[in-house]
Amino acid sequence: MNTSVSELPIGDFWYDLPDDRIARFPVSGRDSAKLLTYCGGNLGQDHFLNLSAYLSADTLLIGNETRVVQARFVFQKPGGAVIELFCLSPAQNGIDFQQAFATVSAVEWQCLVGNSKRWKEGALEEVVRLGETQVLLKAERIARQEGSSTIRFSWCPAHFSFSEIMEAAGQVPLPPYLNRPAVASDKTDYQTLFARFDGSVAAPTASLHFTDRVMKSLRQKGIDMSLLTLHVGAGTFKPVSSDKIGDHEMHAENMIVGKELIERLLHQSGSPVIPVGTTSMRALESLFWIGQMLEEAEKVPDVLHVAQWYPYQDRPSETISTEKALNNILDFMDQSGRDHIRASTSLMIAPGYTFRISTGLITNFHQPGSTLLLLVAALIGPKWKDAYNYALGHDFRFLSYGDSCLFLPQMTK
């Protein structure tokens, strides 16, 4: 493995973020948010509505059409103790997110358990209303793992789907750094214009600024957007607690990419490909490494997973071209009769990473010392400090409900 990457001290990616610079709520009018522009090394500011002015007509934007689910359940025990369950992923083998959401009667999930010490045994219960029907929801802890528990949810009447149960009983899983309870407006504010497929416990927040009039402006200039799905996990909020990047374990996230997008990327060769958000960037770059994996494998693996340090490994032969990697995925789809690819990724993008598909990034401002900030530093190098200092000095709003950035290491206009 490339030891120079793993030895990077996380302290080099820290900055002071005053609490009053964290946006607790979004601005009124999504596209009125401020836009920090970093184009070929030059810093400036505008409003997100004017995004198209900074992109060339041959640009392809890549958005994430995952939808945030109401993944937080709050139960109160008869003695008054409040127990919070945060759903992470389906716990039953062979069941994906969509199947788990469609399940009726009962389902098992891996969950974080808040106030766990006060829940020693027995089932948690809550009565919720779905339309005119009262539903008794139960939660039982059936196994414990390090850092999480397996929870069996069941409900009566049993004909409702777990998706319906979530909508009725769950709460919007706001990031912990907002330090406030969810309110009714978060149900819409914390969903993107592209939200389609249930599965995320955090919004791909770079997309929160997009509106119909932003999309109209992009289309008028000839700028296209394609969509993929990467379900954002709670690990996106996990701080880097180690001194060195190499000691941090990246979370795995599930992704789905259609054949049309793979073909579109092949036709985009030489033109800008700008992911909207770190989730889209991780998925895009993971595509390349899936193609490399298919090249190296003696037989097609049963599970397609990009390990955290896979791109940094020493290889017996040269890394293949992006075109070859994408064609390997198309061949895999053709041979297996699929029109999309499902995979998971724990890809770590940090300084020293070589980008294979992405040529820029639209994103929000990220927490100090986070893997998301490492990703930005991988793209624009030490200039990330200049960009963040500029934002702090020009009244930008930070984190999930904050303002936006456009990072273009090379000018595209």
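Every number in this text was worked out from the coordinates using simple rules, so none of it is lab data. Values in this document were obtained by computation on a predicted structure and should not be read as measured data. We place every Cβ from the backbone using ideal geometry, glycine too, and count neighbours over all the protein chains shown.
At a glance:
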read-out	value
Size of electric dipole in the stretch 71-171: Cβ of Lys, Arg +1 and of Asp, Glu -1, about Cα centre, debye, nearest 20	420 debye
Exceeding the 32 Å Cα-Cα cut-off - candidates Lys221/Lys259; Lys221/Lys383; Lys138/Lys187; Lys259/Lys385	Lys259/Lys385
Cα centroid separation, the stretch 220-246 to the stretch 370-413 (Å)	14 Å
Förster radius 35 Å - calculated FRET efficiency between Gln98 and Leu392, Cβ distance, rounded to 0.05	0.25
Only Lys, Arg (+1) and Asp, Glu (-1) charged, at Cβ; the chain dipole about Cα centre in debye	840 debye
The chain - share of DSSP beta bridges that are antiparallel (%, nearest 5)	75 percent
Whole-number D in µm²/s for the stretch 71-171 (Stokes-Einstein; Kirkwood sum over Cα pairs; 20 °C, 1.002 mPa s)	157 µm²/s
Per DSSP, loop trypsin sites (Lys or Arg not before Pro) in the stretch 173-222 with at most 15 further Cβ within 10 Å	Arg196
By average C-beta atoms within 10 angstrom, highest first, the peptides 74-83, 198-207	198-207, 74-83
Glu84-Met225 FRET efficiency (beta carbon distance; Förster radius 30 Å; 0.05 resolution)	0.25
Residues in the stretch 86-106 reached by a label modelled at Glu167 [backbone nitrogen below 17 Å; 7 Å Cα→Cβ]	98-105
In range of the label at Asp12: residues from the stretch 383-409 whose backbone nitrogen is under 16 Å from the point 7 Å along Cα→Cβ	383-386
Candidates per trypsin sites (Lys or Arg not before Pro) in the stretch 298-395, loop by DSSP, up to 13 other Cβ within 10 Å	Lys299, Arg338
Computed over the stretch 71-171: relative contact order in percent, which uses C-alpha pairs under 8 Å that are six or more apart	31 percent
Qualifying trypsin sites (Lys or Arg not before Pro) for the stretch 75-155 [loop in DSSP, other Cβ within 10 Å: at most 14]	Lys120
With 20 Å bins from 0: P(r) over the chain, alpha-carbon pairs, percent	26, 57, 17, 0
Tilt relative to the chain, helix 322-336 - C-alpha long axis, 0 to 90 degrees, to 10	40 degrees
Calculated [θ] (222 nm, deg cm²/dmol) that DSSP helices of n ≥ 4 give over the chain, each run adding -39,500 (n - 2.57)	-6500 deg cm²/dmol
